[in-house]
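Report on one structure; see the data block that follows.
The values are calculated or read from the model by the stated rules, or taken from the named source; none is laboratory data. What you see is a predicted model; the values in this text were computed from it and never measured. Virtual Cβ from ideal backbone geometry, glycine too; neighbours counted across all protein chains shown. Each accessible area value is taken on the protein alone, full model and side chains, heavy atoms only, with ligands, DNA and RNA left out. Shrake-Rupley method; radii C 1.70, N 1.55, O 1.52, S 1.80 Å.
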Amino acid sequence: MNWPALLACDLDRTLLPNGPQPEPPGARERFRRAVRRSDATLVYVTGRHLASAQEAIAAWALPPPHWLICDVGTSLYARCAGAWRPSSDWAAHLACDWPADMTARLRHRLADVTALRPQAPERQGRFKLSYALPAEADDPALRAAVRSRLADLPVRAVWSEDETRGTVLLDLLPPAAGKRAALAHLVARLGLAPTRVLFAGDSGNDLDLLAGPFPAVLVGNATATVRDQVKEAARRAGAAGRLYCARQPYAAGVLEGW
């Protein structure tokens with residue numbers, strides 16, 4: 001097995017077997033052994049906030065990472081002496097395009113889109129405003145309504161699906177934020193070549209990384225819709241040769257692609 005210098009993985013339904021598909025026996029233990037044998041910098045890239053990510057890592061006995069990218073790429077943490085230290089330079093970078101009143105302005109603009117429901121307070125962040133809606137309420141007209149209300153604001157909208165709950169998620173972020181931007185920032189900070197990085201994910205909010213500048217693995221439990229979206233995005237970006245679509249789900253799919 002070849003070792004990347006940096007291995008970055010999404011958590012939910014990528015390493016965490018919390019989707020509808022069964023987990024292959026021993027998959028996470030094989031993943032733990034592979035990480036121990038390598039000298040790769042391990043990074044988890046997640047939409048979860050810090051406390052939730054820590055809980056998931058402990059509950060599912062995942063190997064502790066060196067870095068955590070949380071809140072859909074709007075926060076970056078380094079593990080130092082057993083504690084998590086936020087990256088002040090990443091926060092300063094995002095603050096350039098996200099004034100303190102931006103969240104209030106976004107809430108006001110979207111107040112009449114009644115299908116959107118704010119997610120729980122712990123899922124909000126200094127640089128992230130998050131909504132959810134029932135999957136059956138998600139249609140092109142609703143997304144067009146969101147786009148029109150935000151068209152003149154410096155904001156990035158990231159849509160994804162939580163198939164286990166039958167909901168669609170909308171994260172509003174600074175233009176410079178996102179999982180791909182945060183990981184690229186970290187890779188540059190560590191002085192690594194993109195070819196020495198491997199990313200694994202499963203969902204819509206992983207799309208820009210799965211079709212991005214790094215070798216990537218789409219785990220086998222990704223939905224057919226996501227798989228088609230990722231393949232098409234990778235084709236358009238000239239990244240098809242860097243994408244591997246695994247047959248196996250969860251950690252077994254990460255190892256298959258690795």
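So here's what we get for this one:
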{"quantity": "With DNA, RNA and ligands ignored, accessible area of LEU76 (1.4 Å probe; Å², nearest 10)", "calculated": "0 Å²"}
{"quantity": "Candidate residues HIS49, HIS108: accessible-area rank, largest first, probe 1.4 Å", "calculated": "HIS108, HIS49"}
{"quantity": "Karplus 3J(HN,Hα) series, Hz, for region 35-42 with 6.51 cos²θ - 1.76 cosθ + 1.60 (x for Gly, Pro)", "calculated": "5, 4, 6, 8, 10, 6, 6, 9"}
{"quantity": "Percentage relative contact order, region 103-154, counting C-alpha pairs under 8 Å, at least six apart", "calculated": "41 percent"}
{"quantity": "Accessible surface, 1.4 Å probe, highest first, among residues ILE57, ILE69", "calculated": "ILE57, ILE69"}
{"quantity": "Helix-only mean residue ellipticity at 222 nm for the chain, each DSSP H run of n ≥ 4 adding -39500 (n - 2.57), per residue, nearest 500", "calculated": "-9500 deg cm²/dmol"}
{"quantity": "Difference of contour (0.36 nm per residue) and Cα-Cα distance, LYS231 to TRP84", "calculated": "49.4 nm"}
{"quantity": "Probe 1.4 Å, accessible area per residue of the chain, Å²", "calculated": "44 Å²"}
{"quantity": "The chain, accessible surface, carbon-and-sulfur percent (1.4 angstrom probe)", "calculated": "53 percent"}
{"quantity": "Volume of the Cα convex hull of the chain, divided per residue and given in Å³", "calculated": "129 Å³"}
{"quantity": "Rg over Rh, two decimals, region 27-126 (C-alpha only, Kirkwood Rh)", "calculated": "1.07"}
{"quantity": "Whole-Hz ³J(HN,Hα) from phi, Karplus 6.51 cos²θ - 1.76 cosθ + 1.60, for region 100-114, glycine and proline x", "calculated": "4, 8, 4, 4, 4, 5, 5, 4, 5, 4, 9, 4, 8, 8, 5"}
{"quantity": "Filtered trypsin sites (Lys or Arg not before Pro), region 130-201: DSSP coil and at most 15 other beta carbons within 10 Å", "calculated": "ARG165"}
{"quantity": "Relative contact order (%) - criterion: Cα under 8 Å, at least six apart; region: region 39-129", "calculated": "24 percent"}
{"quantity": "Estimated FRET transfer efficiency (ALA135, GLN21; beta-carbon r; R0 22 Å; 0.05)", "calculated": "0.75"}
